[in-house]
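For reference, the structure discussed in these notes is given below.
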Amino acid sequence: MAGPIVDGAATAQEFPERPIEVIVPFKPGGRTDVIARLVAEKIQEDGLLSQPLVVVNVDGGAGASAVARMQGNDADGHTIMHWQHQALIAMAMDLGNFTLDDFRSIGYSGGGSPVWAVAADSEYDKLEEVIEALKAEPRSLVEAVGIGSIPHFVGAQLAKEAGFETRYVTANSGADRLRMVLGDNAQIALFAASEYLAQAEELKPLVYFGEERLEALPDVPTAVELGYDVTWANPNWWLAPAGTSDEAVEAIGAAIEQAIQDPEIVEYFESNALEAYWVPGDEADADAAEQLERLEGIAATIQ
C-alpha cells in the first residue's frame with residue numbers, strides 16, 4: 001500500500017536532536033560551573049530548548065583536556081563549552097594546543113570585574129600613592145599572584161600602563177592571596193569583587209577594573225577614571241567548536257539569553273557582585289580577538 005507523501009524537509013528533526021553536553025574546564029563548585037548549572041536548569045525548567053543541557057566538568061591542562069573532549073565530538077552544536085577569559089590567557093601563553101580559530105562564540109552571559117586591594121591597615125589609601133612608591137623604588141612592594149593567572153595578567157596590564165614594577169610572591173587562590181596580604185607577606189593582591197566584599201573589614205580597595213564603578217563599591221574608582229586604560233570583565237563565555245552551524249549557535253544563544261533574565265539567576269549575579277547581560281556571538285568573537293591581542297603583548301613581557 002502506498003503511504004502518504006510527506007515533504008522531506010518536514011521530517012527532519014529540528015536542533016537539538018539530543019541532549020547538549022556543556023563542558024566546564026574546572027572542578028565543580030566555582031563560578032563558571034555554578035552559572036553553567038543554573039542556566040542549564042532554567043533552560044530545562046522553562047522549556048527553552050527541546051533537549052536539556054548536561055554539564056560535564058573536565059579539569060586539567062589549562063583547559064586543554066576540556067578542549068580535547070570538545071574536539072572529539074562533531075561540530076553539530078551538541079557539544080559546547082562554558083569558560084571565561086582565562087582561556088585567552090592560556091592562548092596568550094601557549095599553555096594549550098588551541099587558538100581562537102578552534103572556537104565559535106555563542107555569546108557572553110554576564111560577568112564581573114576584580115579589585116586591587118591592600119590590607120586595611122596599609123599606609124596606602126589611593127592607587128596613586130602605590131604607583132608613586134613603586135616608581136620611586138621599583139619592586140619595593142610585593143604582589144600576590146598565581147603566575148599565568150588572571151590576577152597576574154590584570155596586575156601586569158596596570159603595571160605596563162602606569163609604568164611601575166612590583167615583586168611577585170606565588171598565591172594561586174583568593175584564599176592564598178588574602179592570607180599573604182593579611183600576614184604582610186604581600187602588600188597588594190587582586191580579588192574578585194565578591195571576595196573583597198566578603199573580607200571588606202580586613203582589606204582596603206584601591207581600584208576597580210570594570211568599565212564603570214560597581215554599585216556595591218560606589219567610592220572605589222575605576223582604572224579608566226584614573227587615566228589607565230585597563231579593564232577586565234572576565235565574562236561567562238559560551239563556546240561552540242569552529243564550524244558549528246548558525247542554526248545551532250542561534251538556538252543555544254537565544255535560550256541562554258532568556259535564561260539569564262530569570263529572577264533567580266539575576267539574584268545570584270547580584271549577590272556575587274556580578275552583572276547579568278547578553279553579548280551575542282559575533283560581538284563576543286570581536287571582543288575576544290581584541291582582548292587576546294592585548295594579552296599577547298603582556299605575555300611577551302613576562303615570559
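The values are calculated or read from the model by the stated rules, or taken from the named source; none is laboratory data. Predicted model only: the values in this text are computed from it and were never measured. Note that we place each Cβ from the backbone using ideal geometry, even for glycine, and neighbour counts take in every protein chain shown. What goes into the accessible areas is simple: the full protein's heavy atoms, side chains included, and nothing from ligands, DNA or RNA. Shrake-Rupley method; radii C 1.70, N 1.55, O 1.52, S 1.80 Å.
Listed values, structure above:
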quantity	calculated
Only listed residue being under 12 Å from S113 (Cα atoms), surrounded by 19 or more Cβ atoms within 10 Å (Cβ to Cβ) and modelled with pLDDT of 95 or more, chosen from L274, L239, L190	L190
Cross-chain or 6+ apart pairs with Cβ under 8 Å, the range 216-236 first and free of Cβ contacts under 8 Å to residues at least 60 places away in the same chain, then hydrophobic (A, V, I, L, M, F, W, C) and open to solvent by less than 20 Å² (accessible area, probe 1.4 Å)	A216/A193; A216/A273; T222/V207; T222/F209; V224/V230
Filter result for the condition that a residue is buried (at least 22 other Cβ atoms within 10 Å of the Cβ), at pLDDT below 95 and either of a type outside the set (F, W, Y) or under 20 Å from V181 (Cβ atoms) (or both), over G72, G107, G112	G112
Subset of the range 261-271 that is part of a helix (DSSP H, G or I) and either among the polar types (S, T, N, Q) or free of Cβ contacts under 8 Å to residues at least 40 places away in the same chain (or both) - its residue that is least open to solvent (accessible area, probe 1.4 Å)	V266
Members of the range 172-183 that are at pLDDT 95 or above and part of a loop (DSSP other than H, G, I, E, B)	G183
Test: residue in the range 242-259 that is in contact (Cβ under 8 Å) with a residue 24 or more places away in the chain, open to solvent by less than 10 Å² (accessible area, probe 1.4 Å) and under 19 Å from I298 (Cβ atoms)	no
Tabulated pairs, the range 40-64, first within 27 Å of S149 (Cβ to Cβ), second hydrophobic (A, V, I, L, M, F, W, C) and open to solvent by 30 Å² or more (accessible area, probe 1.4 Å), C-beta under 7 angstrom, 6+ apart or interchain	N57/F26; D59/F26; A62/L95
Among the candidates A223, A299, residue that is touching a Leu at 6+ places or on another chain (Cβ under 7 Å), over 25 Å from E45 (Cβ atoms) and of a type in the set (G, A, S)	A223
Residue that is most open to solvent (accessible area, probe 1.4 Å) [pool: residues in the range 204-220 that are part of a loop (DSSP other than H, G, I, E, B) and under 25 Å from D176 (Cα atoms)]	A216
Scan of the range 115-133 for residues that are crowded, with 22+ Cβ neighbours inside 10 Å and more than 17 Å from A193 (Cα to Cα), ordered by number	V130
All positions within the range 34-54 that are crowded, with 19+ Cβ neighbours inside 10 Å and under 12 Å from W83 (Cα atoms)	I35, A36
Checking E201 against (1) crowded, with 20+ Cβ neighbours inside 10 Å; (2) of a type outside the set (V, I, T); (3) assigned to a loop (DSSP other than H, G, I, E, B), the condition it does not meet	(1)
Pairs with Cβ under 9 Å, 6+ apart, first in the range 133-147 and free of Cβ contacts under 8 Å to residues at least 24 places away in the same chain, second outside any helix (DSSP H, G or I) and hydrophobic (A, V, I, L, M, F, W, C)	A133/L141; A133/F164
Residue ranges of strands (runs of 3 or more DSSP E) in the range 50-157 with at least 3 members farther than 20 Å from A289 by Cβ	53-57, 114-119, 142-145
Residue list for the range 286-295, restricted to those being open to solvent by 60 Å² or more (accessible area, probe 1.4 Å) and among the acidic types (D, E)	E290, E293
Test result for V249, β-branched (V, I, T) and assigned to a loop (DSSP other than H, G, I, E, B)	no
